[in-house]
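Visitor: Got a structure for you, written out below as structure tokens; questions coming shortly.
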Amino acid sequence: MGVSPSKRSKARTRRKRTAWSKLTVTGAMSCPQCHEPKLPHRMCPSCGYYKNREVAPKVEQTAAAE
Ligand SMILES: [Zn+2]
């Protein structure tokens with residue numbers, strides 16, 4: 001059962017809110033190849049490019065193979 005907002009102090013609310021906000025991914029950048037959002041120092045999940053070269057071929061949908 002939840003705690004009523006009137007019973008919760010401002011400090012407690014703000015402390016919880018701060019902890020929650022740190023769960024979100026920070027430092028995300030966009031891919032220079034396809035401009036999709038990606039993590040720094042990681043291969044782009046969208047186009048498979050890293051450091052201006054393709055390190056992993058893009059996985060095609062299985063519909064093309066059939
Ligand atoms: Zn990309």
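Visitor: What is the sum of charges around residue 32, taking Lys and Arg as +1, Asp and Glu as -1, for the other residues whose C-beta is under 15 Å from the C-beta of residue 32?
Guide: So the environment of residue 32 carries a net charge of +2.
Visitor: Return the Rg/Rh value of the stretch 1-58, two decimal places, where both radii are evaluated on C-alpha atoms and Rh is the Kirkwood radius. Could the numbers behind the result be given before it?
Guide: Values: Rg = 19.5 Å, Rh = 14.4 Å.
Here the Rg-to-Rh quotient is 1.35.
Visitor: At 1.4 Å probe size, put 55, 3 in order of accessible surface, largest to smallest.
Guide: 3, 55
The values are calculated or read from the model by the stated rules, or taken from the named source; none is laboratory data. Given the structure is predicted, the values throughout are model-derived calculations rather than measurements. All Cβ positions, even for glycine, are placed from backbone atoms using ideal geometry, and neighbour counts span all protein chains on display. Note: areas computed on protein heavy atoms with side chains; ligands, DNA, RNA excluded. Shrake-Rupley method; radii C 1.70, N 1.55, O 1.52, S 1.80 Å.
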